[in-house]
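What follows is calculated from the coordinates using simple rules that are stated; it is not laboratory data. Being a predicted model, the structure only gives us computed values, none of them experimental. Ideal geometry is used to build each Cβ from the backbone, glycine not excepted, and the neighbour counts take in all protein chains shown.
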Amino acid sequence: MKMLSRKASCDSHGQDSSYFLGWQEYEKNPYHEVQNPNGIIQMGLAENQLSFDLLESWLASNSDVLGLKRNGRSVFRELALFQDYHGFPAFKNELVEFMAKLRGYKVAFDPNKLVLMAGSTSANEILMFCLAEPGEAFLLPTPYYPGFDRDLKWRTGVEIVPIHCSSSNDFRITASALEEAYQRAQKLNLIVKGVLVTNPSNPLGSTMNRDELNHLIDFAIKKEVHIISDEIYSGTVFDSPSFISITEAVMEKHVDHETDLLDRIHIVYSLSKDLGLPGFRVGMIYSNNETVVAAATKMSSFGLVSSQTQFLLSNMLSDKKFTSKYIKENQRRLKKRKDMLVSGLRSAGIGCAKSNAGLFCWVDMRYLLRSDTFEAEKELWKRIIFEVGLNISPGSSCHCSEPGWFRVCFANMSQETLKVAIRRIEAFAESSSTASGKENLSHQRSVRSSRRSLSKWVFPISSYDDHEPADR
Amino acid sequence: MAIEIEQQPSAVGLSKVAVSETHGEDSPYFAGWKAYDEDPYDEHSNPSGVVQMGLAENQVSFDLLEDYLEKNSEASSWGSKGVSSFRENALFQDYHGLQPFRKAMASFMGKIRGGRAKFDPERVVLTAGATAANELLTFILADPGDALLVPTPYYPGFDRDLRWRTGVKIVPIHCDSSNDFQITPKALQAAYNAAEAKNIKVRGVLITNPSNPLGATIQRAVLEEILDFVTRKNIHLVSDEIYSGSVFSSSEFISIAEVLAAQNYKRAERVHIVYSLSKDLGLPGFRVGTIYSYNDKVVTTARRMSSFTLISSQTQHLLAAMLSDKKFTENYIKTNRERLRKRYEMIIEGLRSAGIECLKGNAGLFCWMNLSPLLEKATRGCELALWDSILHEVKLNISPGSSCHCSEPGWFRVCFANMSEQTLEVALKRIHNFMEQQRELKEMKINI
């Protein structure tokens, strides 16, 4: 047939990557407690399903809002006609309040600097359109969310240049890694427009520490580039250290009066992870830069948030008692789930990166690799899908520079299902150690423990050698 | 109109797209809105304010929707028995869209066409509004620097929607009043040649049927000619049928889908239809748009791209219920059509008795009014001067034809469905008085 555009014909949508292939296998054979107990368990989906009951109970006592009524009077017409790209004022007021709350009120936000659009998928793309020309680049620390390959590059023509991070220092961003990435971009003749970080990180599940944030800020000042901080997981911080947002970090550095750095800081947020409402498509950009706010506002026309949804959620978020309770309880449940997964993995002899946020763990399966290669990682991933029956995300799909890491989600299933998954992992780990044949168990363990000692932040060797199952 | 102004990126280094004027928001189309915002008409509190007649909204059938919602509260909620379907809905972000909703949309689109065309739910791609649908199709069908041919006059928003972020150009297909602004093969070829002369690759033709701002449907013969043209040139055809449910008499609207069906879908792969619930159902705030394509690759790609502009699952849930209700939809389509027709007749009659003629229309939420006899000279400048005096002296915000890229000065788009009948009466009275004054002024000039 006739040709479609280059964008339509290319693969930059990234849908042929392993990230999506795992989903396909899951779709063919999905686990169900009763109907398909041997099916594949979905652990590749970063959804938060733990706190729906709290939302449901709020909805049950606020049916008026669902019926599009305010003080008993129908606001249907008003909402039906409301397509102002400045967004529902009440909703934006509540959102900035909510965002401030999540940051312990250490920072304050102005609703006039907030722009709403259909999901953070849209927000990230809009920022690319605003900040970079086709062919220019943004630096992203690896490992990163696979969706960025599509969201940031596909229709914008912007390039991603990775900032390589390694397990030797917990995948933290270093000044030298930033500089090295910048140089690499220069060699490729790519103009770098900024750095995009996800904080808390997906897939690491940890918040950025002050050092990293300062390296980032210093870099942005020196190179005069933008910083985009995707803080979509800011409400899922369930453990110390506490979350330091980019806004707070910049304030603490007292750089605002020296440079126009503030004009180059942009935050992305969404209600998809914290409130578990990805279907409602609520994303936003927060920026001090008037031109960016103006342009992004107009661009949001291509993906406005449904007024019906804006109305529902502005009411929900205005209930301060509810939001406080929700935030606290949600974080508590996330921590419990994470602990459950971590100890389950530990008793299988598998370690994770230390994490304090997010809906997943960054799991170290390097010792299970046949060789220190991505081919071996892919083999292992396939075995885990087909033999163990778990869909987890291989590190290569997140552009991790070291083979053997996997992102494993824990908040998108029931507790029972997670237990089943853990049992399968334990069985797999056992069989992996016996299946290697002649080598005896203790030799395997010592090989594993010596590898483990290379990464000091994983569980202390003693807890593994004690062979005591942690809490299940 | 909206001209591309190449600007230097600002000191903090933004993209050209961010600082360009291609969003078109500095045109009179938007300036009139500002005047209205500053001094809006209200029957009681501001009876001498500006009456908004520049907004193509459908407010005549809200009572039908409200009635439905009142009687079907479960459409707005998720049920109360057992594990609620709230969770499922809240999690649903699949870019295929909610199947019952797609099915309901396909069936609704078929009903609007009087059952003369059938739509396959598997070809329905959902987007947050037709604004998104048109941009998305442009990304898929054309590369930056390429062009789409669009007949004039056209909806001012296209300057932004089709061009801004895509980098695609619009080359106008000039239409004029000599044949009621219909698209001719000659005009199509002339536009194509104009593009070729500038070394611009034409990727498709985009028509709006029924037309905005003309308020008239495109005839079958013309649709067939357009289809022949795009086939000969091996390019695409996008038919924005957003006003298809606003045709006053069902039999008068011929969708491109019907033309294709009559030809056994022989050349269908190059045809794509855009639709939305913003005009027919009066729900622009809910952001419901769709692309219907006969091309499998376009469907797949559009679906993936719709990730950037999904419809809220809460809204899909509500509308799936509403549009699946046969009794409701049949009654709504019929009643809405009838009410729009009545409004149209009211405004046409009112204008005629004031001495103003309009293009014969049969659809939409507006009429295409001819004020060229009032222009001193047939120039855009005079048209804008007239528009300005209508805005500031008569206090009516109407849309000047130049903002719609009309090549003939003196035409104006006047909306009639976004206000009460009383307000329309007030507006018509003001126009009447204005025309009286104009006649008196003319007479004075003659007598001097």
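Considering the options A:157, A:340, A:171, tell which one lies farthest towards the positive end of the dipole of chain A, charges being +1 on Lys and Arg and -1 on Asp and Glu at the Cβ, about the Cα centre.
It is A:340, whose Cα lies furthest towards the positive end.
Over all alpha-carbon pairs in segment B:213-348, figure out the percentage whose distance exceeds 17 Å. All intermediate terms of the calculation are to be shown ahead of the outcome.
Numbers: 6178 of 9180 pairs.
Pairs farther apart than 17 Å: 67 percent.
P(r) of the protein assembly as shown in 10 Å steps, Cα pairs, percent per bin?
Result returned by the calculation: 2, 12, 20, 23, 19, 13, 7, 3, 1, 0, 0, 0.
Anything over 22 Å Cα to Cα? Flag those among A:273/A:336; A:69/B:334; A:7/B:186, in the order listed. Walk me through the numbers before you get to the answer.
Details: A:273/A:336 17 Å; A:69/B:334 28 Å; A:7/B:186 32 Å.
Result: A:69/B:334; A:7/B:186 exceed 22 Å.
For every helix of n ≥ 4 consecutive DSSP H residues, a contribution of -39,500 (n - 2.57) applies; sum these over chain A, divide by its total residues, and give [θ] at 222 nm rounded to the nearest 500 deg cm²/dmol. Mind dumping the intermediate values first?
Details: 18 runs with 201 residues, N = 472.
Helix-only estimate at 222 nm: -13000 deg cm²/dmol.
Please compute the contact order of chain A in relative form: average sequence separation of alpha-carbon pairs under 8 Å and at least six residues apart, divided by the residue count, as a percent. Let's see the in-between values first.
Details: 812 pairs, mean separation 102.6, N = 472.
Dividing the mean separation by the residue count of chain A yields 22 percent.
May I ask you to order A:126-133, B:86-93 by the average number of other C-beta atoms within 10 Å around their residues, highest value first? Don't skip to the end; give the middle numbers.
Values: A:126-133: 26.6, B:86-93: 19.4.
Ranked by mean Cβ neighbours within 10 Å, highest first: A:126-133, B:86-93.
Can you give me the Cα centroid spacing of segment A:75-110 and segment A:318-377 in angstrom?
So the two Cα centres are separated by 31 Å.
Taking the alpha-carbon distance from residue B:429 and a cut-off under 25 Å, which lysines remain once sequence neighbours fewer than 8 residues away in the same chain are dropped?
Straight-line reach from residue B:429, under 25 Å: B:34, B:342, B:360, B:395, B:442, B:445.
Do the sum for chain B: with -39,500 (n - 2.57) for every DSSP H run of n ≥ 4, divided by all residues, what is the mean residue ellipticity at 222 nm, to the nearest 500 deg cm²/dmol? Walk me through the intermediate numbers first.
Numbers: 15 runs with 184 residues, N = 448.
So the helix-based figure for chain B works out to -13000 deg cm²/dmol.
How many percent of DSSP beta bridges within the protein assembly as shown run antiparallel, rounded to 5?
Given both bridge residues lie in the protein assembly as shown, the antiparallel proportion sits at roughly 50 percent.
Could you state the angle between the C-alpha long axis of helix A:175-187 and the longest principal axis of the C-alpha atoms of chain A, as a value from 0 to 90 degrees rounded to the nearest 10?
In chain A, helix A:175-187 runs at an angle near 80 degrees to the longest axis.
Can you give me the C-alpha center-to-center distance between segment A:272-308 and segment A:182-232, rounded to a whole angstrom?
Taking the Cα centre of segment A:182-232 as reference, the centre of segment A:272-308 is 22 Å away.
Could you give me the ³J(HN,Hα) list for segment A:301-316, computed from phi with Karplus coefficients 6.51, -1.76, 1.60 and θ = phi - 60°, whole Hz, x at Gly and Pro?
With the stated coefficients, segment A:301-316 comes to 3, 7, x, 6, 7, 3, 5, 4, 6, 4, 5, 4, 6, 5, 5, 5 Hz.
Taking amide H positions as placed 1.01 Å from N in the peptide plane, with prolines and chain starts having none, which residues 5 or more places from residue B:247, or on another chain, fall under 5 Å of its amide H?
It is B:364, by chain and number.
Find the percent of Cα-Cα distances in chain B that exceed 41 Å, and round it to a whole number.
On the way: 17577 of 100128 pairs.
Roughly 18 percent, once rounded to a whole number.
Per residue of B:277-289, count partner chain C-beta atoms within 10 Å of its C-beta, then hand back the mean as an integer. Show your work: numbers first, answer last.
Numbers: counts 1, 3, 0, 0, 1, 3, 8, 6, 17, 10, 11, 1, 0.
Mean number of neighbouring Cβ atoms from other chains: 5.
Are there trypsin sites (Lys or Arg not before Pro) in segment B:261-322 that DSSP puts in a loop and that have at most 13 other Cβ atoms within 10 Å, and which ones?
Working: sites: B:266, B:267, B:270, B:279, B:287, B:297, B:303, B:304; in loops: B:266, B:267, B:279, B:287.
Qualifying residues, ordered by number: B:266.
Hey, got the dipole for chain A? About the Cα centre, +1 on K and R Cβ, -1 on D and E Cβ, debye to the nearest 20?
Details: 56 positive and 56 negative charges, 132 e Å.
It works out to roughly 640 debye.
For residue B:236, which sequence-distant residues (separation of 5 or more, or a different chain) have an amide H within less than 5 Å of its own amide H, given hydrogens modelled in the peptide plane?
Hits under the 5 Å cutoff: B:204, B:205.
Name the cysteines of chain A that stand alone by the Cβ rule: no other cysteine Cβ under 4.7 angstrom.
Unpaired cysteines in chain A: A:10, A:130, A:165, A:398, A:400, A:409.
Please compute one quarter of the surface area of the Cα convex hull for segment A:25-172 and express it in square nanometres. Write down the numbers at each step before the final one.
Working: hull surface 60.2 nm².
For segment A:25-172, the mean projected area of the Cα convex hull comes to 15.1 nm².
Order the peptides B:55-63, A:151-159 from the highest to the lowest mean number of other Cβ atoms within 10 Å of their residues. Working shown, then result.
Working: B:55-63: 19.3, A:151-159: 22.7.
The peptides rank, most packed first, as A:151-159, B:55-63.
Using a 10 Å cut-off on Cβ to Cβ distances, tally the other chain neighbours for every residue of B:69-78 and report the average as a whole number.
On the way: counts 4, 3, 0, 0, 3, 1, 1, 9, 6, 3.
Per-residue shielding by partner chains comes out at 3.
Inside 10 Å of the C-beta atoms of A:23-34, what's the mean count of C-beta atoms belonging to other chains?
Mean number of neighbouring Cβ atoms from other chains: 0.
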